[in-house]
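These notes concern the structure reproduced below.
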Amino acid sequence: MTNTLSAANSGAQTPEGLVATEQPGGLHHVAYVTHDCAATVDFYTRIMGLKLVSVVLDDTVPSTGEPYPYVHLFFELADQSTVAFFESVNLPPAPPPSHPAYDVFNHLALKLSSVEEVDKWAKRLRDFGVDVTGPTEHGIIYSIYFYDPNGIRLELTTDVVPTWREHHAKAASDMDAWLSFKGADGHRTEELVEWIRSRRRQHREVEG
């Protein structure tokens, strides 16, 4: 596993006998379930300023053939990728997550052009009565967080360190170190926290 992760950033690998394929070029769409398409349309068009560019109606799921009648909504972002939603009839609510961290970690981050734009959006959302967390300085990005009517956590963010995607060797090293530490038995939360802080200090000393 470690060797595989260390080589993860060396480029796409095509074992003998497999067809070489191109790297995915970007996000086409991300899709979620909604139980209130009217509230979803209102939020993403009136508050988020996106266009509702397509609506699909069907009585079965094309990929599986399952008989779930639905409406499928697509809201377009500036780069022509879309945020999509399904509403189906008689669909029960999803069970609550087993830990509150799921509601924090799982989120959709949308890109803005500058710190000033993030701040403008924070004001806009609050003016609409949306509860906003932040702005938050992450070191490499600057973000605000809020929830849509479906309970999906959204982030609006901008880069403050343009080169943060270029740390390929460090990314592989950090991943290997995490797996090695996680694989040891008996770690308590406080030990994990101290290990993370120690590793962060090491990186700062190297970068400094």
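FYI, it's all coordinate maths here, none of it is from the lab. The structure presented is a predicted model; accordingly, all values stated were derived computationally and were not measured. With ideal geometry, Cβ positions are generated from the backbone for all residues, glycine too; neighbour counts draw on all protein chains shown.
Taking the Cβ-Cβ separation of residue 78 and residue 200 as r and a Förster radius of 30 Å, what is the calculated FRET efficiency to the nearest 0.05?
Efficiency, from the Cβ-Cβ distance: 0.30.
Rounded to the nearest 500 deg cm²/dmol, what is the calculated helix-only ellipticity per residue at 222 nm for the chain, with -39500 (n - 2.57) per DSSP H run of length n ≥ 4?
-9000 deg cm²/dmol
How high is the FRET efficiency from residue 38 to residue 101, r the C-beta distance, R0 22 Å, rounded to 0.05?
After rounding to 0.05, the efficiency reads 0.10.
Any chance you could check the Cα centroid distance between region 122-149 and region 75-118 for me, in angstrom?
When both Cα centres are located, 14 Å separates them.
Using every Cα-Cα pair within region 101-166, state what percent have a distance larger than 19 Å.
30
Give the Rg (one decimal place) followed by the Dmax (whole number) of region 25-93, computed from C-alpha coordinates and expressed in Å.
For region 25-93, the Cα-based Rg and Dmax read 12.5, 36 Å.
Zone of residue 110 (label point 7 Å along Cα→Cβ, backbone N under 17 Å): which residues in region 22-53?
From region 22-53, the list is 27-34, 37-53.
When the C-alpha atoms of the chain are aligned to their principal axes, what extent does each axis show, in angstrom, from largest down?
52, 52, 36
In region 101-166, what % of DSSP beta bridges are antiparallel (nearest 5)?
That works out to approximately 70 percent antiparallel.
Only bridges whose two residues both fall in region 25-93 count here: according to DSSP, what percent of them are antiparallel, nearest 5?
75
In the chain, which longest range has no GluC sites (Glu not before Pro) that are both DSSP loop (not H, G, I, E or B) and surrounded by at most 10 other Cβ atoms within 10 Å?
Here the longest run is 23-208.
Quick check: residue separation of residue 66 and residue 28 times 0.36 nm, minus the Cα distance between them. What number comes out in nm?
Stretched fully, the residue 66-residue 28 segment lengthens by 11.3 nm.
Using r as the Cβ-Cβ distance of residue 55 and residue 16, and R0 as 30 Å, what FRET efficiency do you calculate, to the nearest 0.05?
For R0 = 30 Å, the calculated efficiency reads 0.10.
Local charge sum around residue 168 (other residues, Cβ-Cβ under 14 Å, Lys/Arg +1, Asp/Glu -1)?
Once all neighbours under 14 Å are counted, the net charge is -1.
Only bridges with both residues in region 1-156 count here: give the DSSP antiparallel percent, nearest 5.
Looking only at bridges with both residues in region 1-156, the antiparallel portion is about 70 percent.
Could you give me the ³J(HN,Hα) list for region 84-101, computed from phi with Karplus coefficients 6.51, -1.76, 1.60 and θ = phi - 60°, whole Hz, x at Gly and Pro?
Coupling constants for region 84-101: 10, 9, 10, 10, 10, 8, 6, 8, x, x, 5, x, x, x, 6, 8, x, 4 Hz.
What is the Cα convex hull volume of region 92-208 when expressed per residue in Å³?
156
Return 72, 107, 28 ranked ascending by Cβ neighbour count within 10 Å, so the fewest neighbours appear first.
In order of increasing Cβ crowding within 10 Å: 28, 107, 72.
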